[in-house]
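The values are calculated or read from the model by the stated rules, or taken from the named source; none is laboratory data. Keep in mind that this is a model prediction, so the values were computed, not measured. Counting neighbours? That spans all protein chains shown, and the Cβs are built from the backbone with ideal geometry, glycine included. All accessible areas refer to the heavy atoms of the entire protein, side chains included, with ligands and DNA or RNA removed. Shrake-Rupley method; radii C 1.70, N 1.55, O 1.52, S 1.80 Å.
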Amino acid sequence: MPDKKIKKNSIVLPVLAALVLAVLLVTVSQTEDISVTGTRNSSGFAAMEDVTEIELTQEDAPIGVRKEYTFTLSDIVAHDTSLAFYTVHQYVTVYLDGKEIYSLKPAGSHRFTKTVGSNWVMIPLYAEDSGKEVKVDITPVYESFRNRKVTFFIGSPLAIYRNRLAKDLPQIILASIAILMGFTFVCVAGYSHLKKRPGKRLAVLGIFSVMLGLWRLMDTRFTPFMDGGQPVLFYYIAITMPMLGILPLVQWTKDSFSEKGRKVISGYEAGIAILCLLQFTLQWLGICDLRESMTATHVSMGIGAAILVGLSVKERKKMQIPLALLCVAGILADVAAFYIKGNSSGLLFSLMAFVIYIMIMGVHTMFEYGGQQVQIAKLDRELAEKDRELAAQERELTDSRIKAMMSQIRSHFIFNVLSTISSYCKVDPKEADRALITFSRYLRRNIQNIEEDGLIDFATELEQVKDYVVLEQLRFMDRILFETDIETTSFQIPPLTIQPIVENAIKHGIIEHGKSGVIILQTRRNENCIEITVTDNGVGFDLKLLEKSESVGIRNVRYRVENMLNGTMEYHSVMGKGTTVTIKIPQKSDMV
């Protein structure tokens, strides 16, 4: 428990520190200041006041009109002075005493987009420009920007940069935090995936956080200063991120609801994807710019917000209801600002709401993953322990059965052989000596096999069988004939697999009924298995009685063939004609 608490604090405390730092930086940037006095002041800037504005009709303009602004530069233009003004979706042409000195418009006759995005026009001024008349033609691309106010500044470019950065710094900080959190979540999810752990939901939340951060970072007036040559790129990043960002957001929320709720969200998700494809297609064909279709995006956002809140309330998601309401309030504030002032730049409430939501839900998800991993690890340990216990029990059971089988076979056979050798000692000492040598070799090899775990070479087993038959022939003379037809010995079997079968054929197939007979041992290699057959021409038996008549030794042979070789053991017997026992051992096709 203490370890779990430490692990929890190791995540919560850094996240809490980051959140407090973000709030502190935003607060300081907005409320704190210092007093600086000096005898010399650096160059500042000021807005032009005497600016004449008129609207002119122009048929080839995007909305049929253009705005003309005129003003006169002061008599003294200081060093390091520029004319600066901010435009949004507007073409610009600047004239100085009737001479064109600046132009901003899309290049080429075949254009993908109407707009030139948001830009800062920054034109250097020189001392000789004092008293000259400036005329600025501004052509709005969209009707919603027809009456947008344009403010002209005269002063130091550095002062303008610093002023704009100070105003946009809170949004830049929050957007950067969202991007950093998103990359962190994606990296954690990627690491979890490599470790074969869950991480999909965290990755989706991370992608949404990155898209949110990019949107708000690109949607500031300071952004064009970063690279004045790519204003359209910045604009399209800013406008597409909220459109596409809805997809990972709804994907993230989907897993939190019931199956019915997930179906509703999946339907909404499909609708959003279709809307985005339609908007992109219309933009590509030049029929309708993304900016002109933003109303459809905002309507879809409102529908998604209603679905999210409705499902949270219906399914009583206590943790998600306040967070969902917070995000919905942020979305509504964002949309309202868009229609009131034409953009949502500088609106921190919605960005702060989403950053808080992402941070809380990301940490919550990591806790869930951590809890799941603890449970999985616990279950794995329990299963591993059970597997070890079962394996140990199985080994003990197998060893005990094999040892019991060995003892039964040895006691039965050894008694008979010793009796035979004893008899030969009286009538034929030389034969008794030969039998004793054969028997000692048989016992020595048999003891070695018993001491070894697992399988032995078939060649070793074959020598054992031959010695066994020789010892049996000492007892029954020419009543037993043993033949071999060996195609392959390149395989392994459990010890004492063939001997009990041969012993069974001699005892029950031939000798027990006072007959003479032939026993044939064969091996064959087929395409995917090895076949071992033991055939006798004895009396045979009824296969229906096999289960009752099968000896302990034969049952042990069957058990070892099936469990140690994954093989099979089959009988074929005809009354009065004999019996064939077939063992099939599966082999890999590439074995030779």
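Annotations for the structure displayed:
- Note on exposure: Arg216, Arg441 ranked by accessible area (1.4 Å probe, complete protein assembly) read Arg441, Arg216, with the most exposed listed first.
- Accessible area in square angstrom per residue, segment 468-549, 1.4 angstrom probe: 48
- Met48 sits with roughly 50 Å² accessible to a 1.4 Å probe, with DNA, RNA and ligands left out of the calculation.
- For Val116, the solvent-accessible surface with a 1.4 Å probe is about 10 Å², rounded to the nearest 10.
- Cβ-based net charge around Glu269, under 14 Å, with every Lys or Arg adding one and every Asp or Glu removing one: +2
- Accessible area of segment 159-273 divided out per residue, in Å², using a probe of 1.4 angstrom: 44
- By accessible area with a 1.4 Å probe, ligands and nucleic acids excluded, highest first: order of Arg148, Arg555: Arg555, Arg148
- Backbone HN-Hα couplings from phi across segment 177-192 [Karplus 6.51/-1.76/1.60, Hz, Gly and Pro as x]: 4, 4, 5, 4, 4, x, 4, 4, 4, 5, 5, 4, 5, x, 4, 4
- Distant-in-sequence amide contacts of Ser130, defined by a placed amide H-H separation under 5 Å and a gap of 5 or more residues or a different chain, comprise Val77.
- Distance (nanometres) between label positions extended 7 Å along Cα→Cβ at Cys529 and Glu133: 10.7
- Once backbone amide H atoms are built at 1.01 Å from N, Leu83 has Ile123, Leu125 as its partners under 5 Å, excluding neighbours fewer than 5 places away on the same chain.
- The simple spin-label model puts a point 7 Å past each Cα toward its Cβ; for Thr489 and Glu382 those points are separated by 5.3 nm.
- Set Lys167/Lys200; Lys105/Lys132; Lys466/Lys584; Lys507/Lys584; Lys515/Lys544 screened for pairs whose C-alpha atoms are more than 29 Å apart: Lys167/Lys200
- Ligands, DNA and RNA aside, Trp120 has an accessible area near 40 Å² when probed at 1.4 Å.
- Residues whose amide H lies under 5 Å from that of Thr488, counting only those 5 or more places away or on a different chain, are Thr523; hydrogens are built 1.01 Å from N in the peptide plane.
- Heavy-atom SASA rank of Lys99, Lys544 (probe 1.4 Å, accessible area, largest first): Lys544, Lys99
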